[in-house]
Amino acid sequence: MKPSSHALSLTALLLAAVFAASTSAQAPQATPPAAPAEHEDHHDHAHPAPTNLKVLPKDMTGEEVHELMEKWEADLGGKCSTCHAADPTNIGPNGRPRLNYADDSKPEKATARLMFTMTEEINSRYIAHIDSSGQPVTCGTCHRGHLGPEPFATPDDDGPKPPAAATAPAPAPAPAK
């Protein structure tokens, strides 16, 4: 019995797939691309003991501070460089300056400290005294992934507003002749 051309095509395809899989398994593995400059300095190595902690507990480890900063990045939709200044005297392997985490020159860092103090006060003075209050207030409670939180607009008493196109005023009638 003579095999059909469809069966031959399937056999050829299967052989090609087996050949490709076996040669790629033997090929040397490529090195992953370098991480962005923001993160190369602190994602793949031990985190040194923090310095210049003014509002965070002084006994926090480098790893604990790093984890907290990653949470703040997510809550605010920012990057490390949002609050931390680049150090032009400390160049990383990618040719870009590394960040100086102890530097206080950026006003955003002072704002972050103020906001952290505010959330800690809200949680200790108010939220902690409410039975079954649920989760504590965090940066994400208000910011929700935006450096500048979106303004809250109260809904109308009549329910949600229709889309803007539906609320456009009707055209004015043509003047009488």
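Here's the yes/no breakdown for (1) in contact with a strand residue (DSSP E or B) (Cβ under 9 Å, 6 or more places away or on another chain); (2) among the hydrophobic types (A, V, I, L, M, F, W, C); (3) surrounded by fewer than 12 Cβ atoms within 10 Å (Cβ to Cβ):
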residue: LEU53; (1), (2), (3): no, yes, no
residue: HIS66; (1), (2), (3): no, no, no
residue: TRP72; (1), (2), (3): no, yes, no
residue: LEU76; (1), (2), (3): no, yes, no
residue: LYS79; (1), (2), (3): no, no, no
residue: ALA86; (1), (2), (3): yes, yes, no
residue: PRO93; (1), (2), (3): no, no, yes
residue: ARG98; (1), (2), (3): yes, no, no
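Residue-by-condition table, conditions (1) at pLDDT below 95; (2) of a type in the set (D, E, K, R); (3) assigned to a loop (DSSP other than H, G, I, E, B); (4) in contact with a helix residue (DSSP H, G or I) (Cβ under 7 Å, 6 or more places away or on another chain):
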{"site": "ALA86", "(1), (2), (3), (4)": "no, no, no, no"}
{"site": "GLY95", "(1), (2), (3), (4)": "no, no, yes, no"}
{"site": "SER105", "(1), (2), (3), (4)": "no, no, yes, no"}
{"site": "LYS109", "(1), (2), (3), (4)": "no, yes, no, yes"}
{"site": "LEU114", "(1), (2), (3), (4)": "no, no, no, no"}
{"site": "ILE122", "(1), (2), (3), (4)": "no, no, no, no"}
**Study point:** Output for region 48-84, where each listed residue is among the aliphatic types (A, V, I, L, M) and part of a loop (DSSP other than H, G, I, E, B)
**Key:** ALA49, LEU53, VAL55, LEU56, MET60
Point to revise | Residues located in region 77-108, provided they are closer than 20 Å to GLY145 by Cβ and out of contact with any His (no Cβ under 7 Å at 6 or more places or on another chain) | key: GLY78, LYS79, CYS80, SER81, THR82, CYS83, HIS84, GLU108
Exercise for review: Scan region 143-154 and give yes if some residue there is exposed (fewer than 15 other Cβ atoms within 10 Å of the Cβ), outside any loop (DSSP other than H, G, I, E, B) and either among the small types (Gly, Ala, Ser) or at pLDDT 95 or above (or both), otherwise no.
Suggested key: no
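The values are calculated or read from the model by the stated rules, or taken from the named source; none is laboratory data. Just so it is clear, the model here is predicted, and its values are computed rather than measured. Positions of Cβ are generated from backbone atoms using ideal geometry, with glycine treated the same way; all protein chains shown enter the neighbour counts.
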